[in-house]
Amino acid sequence: MTTNILTAVVTAYIATGHPCANGAMPRVAYTIAVPRRFVLGSEVIVNGRRYVAEDRTAQRFDGRFDIFVANRRDALLWGKKTLKLTVITK
C-alpha cells in the first residue's frame, strides 16, 4: 500500500450518461476522477471524506481531482479549490 499526501486542484463534475473508466456508472459521494498517474480503485481522502478513484480526469485537466456530484448546482457550489488530500493505493 502506498500513501501520497499532496496539494491539488479539486473540482466537481456531473453525469454525462457515460460509465467511468472502470466501467461502472459514477455514484454521488463515492466516485472521484483522478489524474492518470494514479491507479483506478485507489482511495482518495478529501476534507475527511473518502472517495474511490473510478474515473480519469480529461487529459487536458490531468493533475486535477474531480468529485462526482448530483447536479450542476452542487458542482457550481463546489467550484475550484486547491486542497490537501491523501491518495491511498493498494
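A short reminder: the numbers here are calculations on the coordinates, not readings from a lab. Just so you know, these numbers come straight off a predicted model, no measurement behind them. Because the Cβ atoms are built from the backbone with ideal geometry, glycine has one as well, and the counts that use them run over all protein chains shown.
Tabulated data for the structure shown
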read-out	value
Over the chain, relative contact order from alpha-carbon pairs under 8 Å, at least 6 apart, %	47 percent
The chain: calculated mean residue ellipticity at 222 nm from DSSP helix runs of at least 4, using -39500 (n - 2.57)	-2000 deg cm²/dmol
Cα-based reach from Lys81 at 12 Å (exclusive), listing aspartates and glutamates while leaving out same-chain residues under 8 positions away	Asp66
Of Phe65, Leu76, Val87, farthest towards positive along the dipole that unit charges on Lys, Arg, Asp, Glu beta carbons give the stretch 2-89	Leu76
Magnitude of the charge dipole, the stretch 50-90, Cβ model with Lys/Arg +1 and Asp/Glu -1, debye to 20	160 debye
Net charge, Thr11 excluded, C-beta distance under 11 Å - Lys, Arg +1, Asp, Glu -1	+2
